[in-house]
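The values are calculated or read from the model by the stated rules, or taken from the named source; none is laboratory data. Just so it is clear, the structure is predicted and the values come from calculations on it, not from any experiment. Don't worry about glycine lacking a Cβ; one is built from the backbone with ideal geometry, like all the others, and counts go over all protein chains shown.
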Amino acid sequence: MEGYILKRKVISYVLGGLLFLIMVSAQTTQQHETTPEEITTEEHLEHGEADEGFSPSDFVFDHILDAYEWHILSYDDFHLSIPLPVIIYSDTKGLNVFMFNRFHHGHEDYKGFRFESHGENKGNIVEILEDGSTALPRLDLSFSKNVLAIMFSLILLLWVFLSVAKAYSRRPDKAPTGMQNLLEPIILFIRDDIARPSIGEHKYEKFMPFLLTVFFFIWFNNMIGLIPIFPGGANVTGNISVTMLLALFTFVITTINGNRNYWQHIFNMPGVPWWIKYPVPLVPVIEIIGMMTKPFVLMIRLFANITAGHIIVLGFFSLIFIFGEMSVGLGLGVSVLSLAFTIFMTMLELLVALIQAYVFTLLSAIYFGMATEEHH
Amino acid sequence: MRLVTPDIGTIFWMLLMFIIVMLILKKFAWQPILNALRNREQSIEESLRSADRAKQEMEKLQADNEKIMAEARKERDKMLKETKKTGEMILNEAKNKASEESKKIIQSARVQIENEKDAAIADIRIQVAELSVDIAEKILQEKLKDDKAQQELMEKLLKDVKMN
């Protein structure tokens, strides 16, 4: 009872504080309508130092897109970032390997390559052709920020599960302890509630390594992606390349393991009239499209869910800077709201992180189950 | 590095790393973990089953014990009853024998008494006869002391004979 009253008090204080801040900031905006601040901004613009002010879309996309360097923090003119290896193959210049800081953040060209910070190929490394125009190189195998984040998460995965496996061999047939305790129910959940019912008692074991790896890879990366500081914060599972590869794994495994029954359902669906199969193969075409849409949907769902979560959080942060440009007080007032919403969103994202990993694994398991289902 | 265009570099590196990690995990993590879990489940199931079996055996043993106890009790009761019966029988027999013996003794005593009595009676009879003869002799001697009395008797006797 006491705790409940305390909670209500805290909530009312927080809400009151929020209202107060908003009122104060509204007043300061009115007072500061023509202050020297704007003049200084104009001066900056004349000098060409500052750009057009805060751009939320740049801010958001800088955070959710892949990059050739891992930006950690910026303060005034000080930028701390880890440059990553650029590996580029072009028809005219061959294979080139160098660190990204050679470009000095796009201020300099290097070896006939340029880091575009504007225009159509913004954010990409382009090749400078002989006539001065630029084009994307044939192959860009750069070890980007997302690749580093993937590597980090995979090392984490290895470390966690190899130590857990060691715990099992060290204490066979004993109750789990520590990390084992946390992960064992999840492993059992994937086995007993995802793989077994979807694939079947006799065939599920073959798919367990993939399902477990995919589940924990997605979950770990979703969680790491929520951590705003290095080495977290990379938008790995919200990257279309990553989700595409994961979905391709599912697609390839499904196709390889497809049995006679599976292919029969695609090319000669039993139980439908013959004239929608021959001579115009309407059902087979639909089935083949369905074969492709399944992994496509897996790819889009994970990508969209994670990216959307990041965009919403970054949107709330953008609000602080948008209002902060109007007036410092307003920015401060909004920051409280933004923080509250961000905390709420992060909580939601924690849930989404698990749900999306679950959904991807479950659907993969269902597809495997469909591919290996026996005729009955 | 755009939002919805797959990036070949990321795909290449991830494919490489992901497959390697998946294979390592498969060999050194997933299989050992899944095997350990299965073994543990089996051992737990086995233990539960053996515990159940032990419980059942225990119950059976207890039932057996009770049965044996009941049997023993019954046996004891039976033995007690038999002993009682035997005791009674022996007592009865002894009683019977004793009474028979006593009867026999009494009988023989009676016979002996009878014999003694008979002998005594016979003896008395002889003595009485002798006594009576003696008395008669004495009486006769007294009566036939004088001749006259002898004469008279003679006559009387002769008279009796004559009549015959």
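Points worth noting:
- Among the residues of the range A:215-233, those that are crowded, with 23+ Cβ neighbours inside 10 Å and either within 18 Å of B:Leu25 (Cβ to Cβ) or within 11 Å of chain B (Cβ to nearest Cβ) (or both) comprise A:Phe215, A:Phe216, A:Phe217, A:Ile218, A:Asn221.
- Matching entry among A:Thr342, A:Thr372, A:Thr361 (being farther than 22 Å from A:Pro228 by Cα and under 18 Å from the mean Cα position of the chain (by Cα)): A:Thr361
- Close pairs from the range A:58-80: first in contact (Cβ under 8 Å) with a residue 24 or more places away in the chain and within 13 Å of another protein chain (Cβ to nearest Cβ), partner part of a helix (DSSP H, G or I) and not charged (D, E, K, R), Cβ under 6 Å, at least 6 apart: A:Val60/A:Ile311; A:Val60/A:Leu314; A:His63/A:Leu314; A:Ile64/A:Thr307; A:Ile64/A:His310; A:Asp66/A:Asn146; A:Tyr68/A:Phe100; A:Glu69/A:Phe100
- Taking each residue of the range A:342-355 that is of a type in the set (Gly, Ala, Ser) and looking for partners that are in a helix (DSSP H, G or I) with beta-carbon atoms closer than 7 Å, six or more apart or interchain, yields A:Ala353/A:Trp219; A:Ala353/A:Asn222; A:Ala353/A:Met223; A:Ala353/A:Leu226.
- Residues of the range A:54-78 satisfying the condition of being among the aromatic types (Phe, Trp, Tyr), within 19 Å of the chain's Cα centre (by Cα) and under 20 Å from A:Leu319 (Cα atoms): A:Phe59, A:Phe61
- Residue in the range A:109-124 that is under 28 Å from B:Ile24 (Cβ atoms) and surrounded by fewer than 16 Cβ atoms within 10 Å (Cβ to Cβ) present: no
- The range A:131-147, subset among the hydrophobic types (A, V, I, L, M, F, W, C) and more than 9 Å from chain B (Cβ to nearest Cβ), residue surrounded by the most Cβ atoms within 10 Å (Cβ to Cβ): A:Leu136
- Here A:Tyr262, A:Tyr278 are screened, and the one residue that is among the aromatic types (Phe, Trp, Tyr), in the same structural domain as A:Ile155 (by TED's automatic domain parsing) and either in a helix (DSSP H, G or I) or at pLDDT 95 or above (or both) is A:Tyr262.
- Candidates in the range A:153-171 are the residues that are more than 7 Å from chain B (Cβ to nearest Cβ) and more than 21 Å from the chain's Cα centre (by Cα); of these, the one that is farthest from B:Leu25 (Cα to Cα) is A:Arg171.
- Some residue of the range B:50-65 being within 9 Å of chain A (Cβ to nearest Cβ), surrounded by 10 or more Cβ atoms within 10 Å (Cβ to Cβ), without any contact (Cβ under 8 Å) to a residue 24 or more places away in the chain and assigned to a helix (DSSP H, G or I): no
- All of A:Lys203, A:Lys166, A:Lys174 fail the test of being surrounded by fewer than 19 Cβ atoms within 10 Å (Cβ to Cβ), within 24 Å of A:Ala247 (Cα to Cα) and modelled with pLDDT under 95, apart from A:Lys203.
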